[in-house]
Amino acid sequence: MSNQVATVRTDWTRAEVEEIYSRGLLDLVNAAAHIHREFHDPTEIQMCQLISIKTGGCPEDCSYCSQSVHNESPVMVEPLMPLDEVLAVARRAKRNGVTRLCMGAAWREAKDNAQFERVLDMVRGVNDIGLEVCATLGMITPKQAERLAEAGLYAYNHNLDTSEEFYSEVITTRTYQDRLDTIEAVRTTDLTVCCGGIIGMGEGDSDRIGLLHRLATLDPHPESVPINVLAKYEGSKLESADEVDATETVRMVAVARILMPESVVRLSAGRDKMSESDQAMCFLAGANSIFSSERNMMLTSVSECADHATDKAMLASLGLRARD
Ligand code: SF4
């Protein structure tokens, strides 16, 4: 094995990303695995938990999302959760080995109102419990980002979802630039950025390459990069999109790992469709975080995820462990 240390770069050219993306899968995974071992403890997987603090009724038209008012969906609209309920979930999560709690609200943007104040209280409370706190509240201003940071937020999630070229096929109520502006607002603070994408929405390889290229040329890289596979559901505009083979997820993880060696790559929605050996390939290729849940549900309530005990058993069987 070479002793060469990979460098962290944000000046990747599209041609370089294309070349990496196009490699034979096992060569790609091998290269990614070496880089992963240079930058991370490969036996350690961070367990995160998602909690939908405000569900459904979102005015945005993201085609993939069961919480949009534009999509028929089985998801019931629920108001912003009470603070004590969120803290109870956070305490249980911590007892179950979770170290990061991601709180999602189905808002187009955060407004400066009593609900935002309650979210700030949630951030303070979850932080006091000793968990990394991540929030995803839609678009935010630099001032709101600052207030979240002061309350103890660790990360702000705002995904780029796909390539700029394909974006309008998926969402029409905001632009790619809106996304980049919010990420920039977050970067005016000490908050870390969680930013990734979704595959399986009918995009082509060039869109996946475009997404990875955009993420890898953000300066600095997002500290956290979730790779999601579309969770299809009946009535969704993307109901008939092609199934994603596990090897495609492995490829995305591996390329993300090579391009962004220091980032935590999170195997996110869609993991419920993967066998343990598929997931093992992703861990080999550099994924070092999973979402685990007590409710068997991911954020959008249409994608299941394994419960904590099942995940811990899987990690143990692979010689891995949950990060403390
Ligand atoms: S992904 Fe977020 S912004 Fe888009 S519809 Fe769903 S909740 Fe709203």
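So which residues in the range 101-118 are under 18 Å from T182 (Cα atoms) and in contact (Cβ under 8 Å) with a residue 40 or more places away in the chain? Talk me through it step by step, then tell me what you get.
Quick first cut of the range 101-118, residues under 18 Å from T182 (Cα atoms) only: 102-112, 116.
Once the filter is applied, which keeps residues that are under 18 Å from T182 (Cα atoms) and in contact (Cβ under 8 Å) with a residue 40 or more places away in the chain, the range 101-118 yields C102, M103, G104, A105, A106, W107, R108.
Can you tell me which residue among E85, E72 is at negative phi and more than 16 Å from the ligand (Cβ to nearest atom)? Let's see the steps before the verdict.
Working: E72 fails: more than 16 Å from the ligand (Cβ to nearest atom).
Going through E85, E72 in turn, the sole match is E85.
Restricting the search to the range 311-324, which residues are assigned to a helix (DSSP H, G or I) and surrounded by 14 or more Cβ atoms within 10 Å (Cβ to Cβ)?
Going through the range 311-324, the residues assigned to a helix (DSSP H, G or I) turn out to be 311-317.
The answer is D311, K312, M314, L315.
Would you pick out the residues in the range 172-191 that are buried (at least 20 other Cβ atoms within 10 Å of the Cβ) and away from the ligand (no atom under 15 Å from the Cβ)?
Across the range 172-191, the qualifying residues are A185, V186, L191.
Taking P42, is it of a type outside the set (A, V, I, L, M, F, W, C), within 25 Å of Y167 (Cα to Cα) and within 22 Å of the chain's Cα centre (by Cα)?
Details: of a type outside the set (A, V, I, L, M, F, W, C): yes; within 25 Å of Y167 (Cα to Cα): no; within 22 Å of the chain's Cα centre (by Cα): yes.
No: the conditions fail for P42.
A155 - would you say it is crowded, with 17+ Cβ neighbours inside 10 Å, more than 16 Å from the ligand (Cβ to nearest atom) and either without any contact (Cβ under 8 Å) to a residue 12 or more places away in the chain or closer than 18 Å to P220 by Cα (or both)? Spell out how you get there, then give the answer.
Details: crowded, with 17+ Cβ neighbours inside 10 Å: yes; more than 16 Å from the ligand (Cβ to nearest atom): yes; either without any contact (Cβ under 8 Å) to a residue 12 or more places away in the chain or closer than 18 Å to P220 by Cα (or both): yes.
When the stated conditions are applied, A155 passes them.
Identify, by number, the condition in (1) surrounded by 21 or more Cβ atoms within 10 Å (Cβ to Cβ); (2) free of Cβ contacts under 8 Å to residues at least 60 places away in the same chain; (3) not small (G, A, S) that T141 doesn't meet.
(1)
Filter the range 43-69 down to the residues that are surrounded by fewer than 16 Cβ atoms within 10 Å (Cβ to Cβ) and more than 16 Å from the ligand (Cβ to nearest atom) and list them by number.
From the range 43-69, those surrounded by fewer than 16 Cβ atoms within 10 Å (Cβ to Cβ) are 43-44, 57, 59, 69; that's our starting set.
Matches in the range 43-69: T43, E44.
For the range 73-89, check the following and say yes or no: at least one residue is in contact with a Cys (Cβ under 8 Å, 6 or more places away or on another chain) and within 27 Å of V265 (Cβ to Cβ).
Checking the range 73-89: not a single residue is in contact with a Cys (Cβ under 8 Å, 6 or more places away or on another chain) and within 27 Å of V265 (Cβ to Cβ).
Out of (1) in contact (Cβ under 8 Å) with a residue 12 or more places away in the chain; (2) assigned to a helix (DSSP H, G or I); (3) over 21 Å from R266 (Cα atoms), what's the single condition that is false for V186?
(3)
Look at the range 104-130 and say how many of its residues are over 18 Å from C62 (Cβ atoms), outside any helix (DSSP H, G or I) and touching a Lys or Arg at 6+ places or on another chain (Cβ under 9 Å).
Our first condition is that a residue be over 18 Å from C62 (Cβ atoms); within the range 104-130, this holds for 111-130.
So of that shortlist, the ones also outside any helix (DSSP H, G or I) come out as 111-113, 130.
Still in the running and touching a Lys or Arg at 6+ places or on another chain (Cβ under 9 Å): 112, 130.
Final tally of qualifying residues: 2.
Need the failing condition index for D272 against (1) touching a Phe, Trp or Tyr at 6+ places or on another chain (Cβ under 8 Å); (2) free of Cβ contacts under 8 Å to residues at least 40 places away in the same chain; (3) among the charged types (D, E, K, R), just the number.
It is condition (1) that D272 fails.
Look through L120, L101 and report the one residue that is away from the ligand (no atom under 13 Å from the Cβ) and either among the small types (G, A, S) or under 30 Å from K237 (Cα atoms) (or both).
Values: L120 fails: either among the small types (G, A, S) or under 30 Å from K237 (Cα atoms) (or both).
Being away from the ligand (no atom under 13 Å from the Cβ) and either among the small types (G, A, S) or under 30 Å from K237 (Cα atoms) (or both) holds for just one of L120, L101, which is L101.
Output the residues belonging to the range 64-84 that are under 20 Å from the mean Cα position of the chain (by Cα), over 11 Å from S52 (Cβ atoms) and part of a loop (DSSP other than H, G, I, E, B).
So the first thing to find is which residues in the range 64-84 are under 20 Å from the mean Cα position of the chain (by Cα), and the list is 64-68.
Okay, now just the ones that are also over 11 Å from S52 (Cβ atoms), so 64-65, 68.
The answer is Y64, C65.
Could you say whether any residue in the range 107-114 is buried (at least 16 other Cβ atoms within 10 Å of the Cβ) and within 21 Å of the chain's Cα centre (by Cα)? Please lay out each step first, then the result.
Of the range 107-114, the ones buried (at least 16 other Cβ atoms within 10 Å of the Cβ) are 107, 110.
Retained after the next criterion (residues that are within 21 Å of the chain's Cα centre (by Cα)): 107, 110.
For the range 107-114, residues buried (at least 16 other Cβ atoms within 10 Å of the Cβ) and within 21 Å of the chain's Cα centre (by Cα): present.
Listed residues V244, V265; which is farther than 26 Å from T99 by Cβ and among the β-branched types (V, I, T)? Write out each step before concluding.
Numbers: V265 fails: farther than 26 Å from T99 by Cβ.
Every option except V244 fails the conditions.
No value in this document is a laboratory result; all are computed from the given coordinates. Keep in mind that this is a model prediction, so the values were computed, not measured. Every residue, glycine among them, receives a Cβ derived from its backbone with ideal geometry; neighbour counts consider all protein chains shown.
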